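> Here's a structure for you.
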């Protein structure tokens, strides 16, 4: 079959009166596989599924939660299952993770560099009550990893879940239509991370920031199902002009200097760090951010940081740690 895009598609399944449920499943799979996000019909299909049938149009990718909340599905590294501890790591995987971290930790400690791994939690673990359904709770992969690391090499990953949970009743911390946290959650995570380093590093008070309300930049979850987001959020902006000097500003490499601070930070990070970079810049004399997890010894030797932080969102944690 050839449609108006000129691309060849597989034959549509034949509808079976004797087994309509299976036929509907086959048609749904056929539609997603062959039309993807390319045809003009997709908007109508997604809107019909959402507004008329009250159904998740792409249930393995997007979960429609309660009160306007949206969550990623299991398509993303078995995210939903892992949030309830139903996708455990094997012993061999835990050993690989332990050895990878041990090598980095020992190398940095030999140079008197403080090393920390920090994990913003999956939105599912912070706003479980807004999920469309729940599973029985077992230890998550992060909890598995931490238990193993503490026992084997006396190392603990900083899980920000409990810290954020303590503030969730007074502040919305994650976006409803986006996978990420907002500026308030990022500040809370920054404050906790600096405190965990046990160094004499100044923490900028949240009172130094204006609280500005504005639309979120994009609803990355709702974009998948072609729903426009009108969500607004709080943005924190400095009340006084910063003396920060940008040295490099590239997607994969950011570099700043702050003449009012001491100490040097290198952070390996993902998009969650976008919201807290301004806070770390206010606490360190020099900050370097890499949008990857390739901790190169020659870079460490050249830059000689005081602190190395690996920030990774929980849903990607095991993948990242297995390849460090």
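> Using the structure shown, decide if residue 66 is in contact with a helix residue (DSSP H, G or I) (Cβ under 7 Å, 6 or more places away or on another chain) and more than 23 Å from residue 296 (Cα to Cα). Spell out the reasoning first.
Working: in contact with a helix residue (DSSP H, G or I) (Cβ under 7 Å, 6 or more places away or on another chain): yes; more than 23 Å from residue 296 (Cα to Cα): yes.
Considered against the rule, which asks whether it is in contact with a helix residue (DSSP H, G or I) (Cβ under 7 Å, 6 or more places away or on another chain) and more than 23 Å from residue 296 (Cα to Cα), residue 66 comes out as yes.
> Restricting attention to the range 241-255, which residues are over 20 Å from residue 116 (Cα atoms) and touching a residue at least 12 places away in the same chain (Cβ under 8 Å)?
So the first thing to find is which residues in the range 241-255 are over 20 Å from residue 116 (Cα atoms), and the list is 241-252.
Matches in the range 241-255: 242, 243, 244, 245, 251, 252.
> Also, quick follow-up: Just one of (1) outside the structural domain of residue 308 (by TED's automatic domain parsing); (2) surrounded by fewer than 16 Cβ atoms within 10 Å (Cβ to Cβ) trips up residue 138, so point out which.
(1)
> When the residues of the range 235-260 are filtered to those that are under 22 Å from the mean Cα position of the chain (by Cα) and not in a strand (DSSP E or B), which remaining residue is surrounded by the fewest Cβ atoms within 10 Å (Cβ to Cβ)?
Checked the range 235-260; the qualifying residue surrounded by the fewest Cβ atoms within 10 Å (Cβ to Cβ) is 251.
> For the range 261-305, enumerate the residues that are part of a helix (DSSP H, G or I), touching a residue at least 12 places away in the same chain (Cβ under 8 Å), over 16 Å from the mean Cα position of the chain (by Cα) and closer than 21 Å to residue 320 by Cα.
Within the range 261-305, 297, 299, 300 meet the criteria.
> Let me ask something else about it. Kindly list the number of the only condition in (1) free of Cβ contacts under 8 Å to residues at least 12 places away in the same chain; (2) outside any helix (DSSP H, G or I) that fails for residue 176.
Single failed check for residue 176: (1).
> State all residues of the range 106-142 that are farther than 21 Å from residue 180 by Cα and part of a helix (DSSP H, G or I); if no residue qualifies, say none.
106, 107, 108, 109
> Being closer than 23 Å to residue 231 by Cα and outside any loop (DSSP other than H, G, I, E, B) is the filter here, so list the residues in the range 67-85 that pass it.
If we filter the range 67-85 for residues that are closer than 23 Å to residue 231 by Cα, which is where we start, we get 67-73.
Those that are closer than 23 Å to residue 231 by Cα and outside any loop (DSSP other than H, G, I, E, B): 70, 71, 72.
> Please count how many residues of the range 131-170 are over 18 Å from the mean Cα position of the chain (by Cα) and touching a residue at least 40 places away in the same chain (Cβ under 8 Å). Please lay out each step first, then the result.
Start the filter on the range 131-170 by keeping residues that are over 18 Å from the mean Cα position of the chain (by Cα), which leaves 132-139, 144, 146-156, 166-167, 169-170.
Narrowing further to those that are touching a residue at least 40 places away in the same chain (Cβ under 8 Å): 132, 134-139, 144, 148-149, 152-153, 155.
Total satisfying the criteria: 13.
> Give the number of residues within the range 86-105 that are in contact with a helix residue (DSSP H, G or I) (Cβ under 7 Å, 6 or more places away or on another chain) and in a loop (DSSP other than H, G, I, E, B).
Number satisfying all stated conditions: 3.
> May I pose another question? I'm told residue 196 meets every condition in (1) touching a helix residue (DSSP H, G or I) at 6+ places or on another chain (Cβ under 7 Å); (2) closer than 30 Å to residue 92 by Cβ except one. Can you identify the failing condition by its number?
Among (1) touching a helix residue (DSSP H, G or I) at 6+ places or on another chain (Cβ under 7 Å); (2) closer than 30 Å to residue 92 by Cβ, residue 196 violates only (1).
The values are calculated or read from the model by the stated rules, or taken from the named source; none is laboratory data. All values reported here derive from a predicted model rather than from experimental measurement. Glycine gets a Cβ as well: all are built from the backbone with ideal geometry, and neighbour counts include every protein chain shown.
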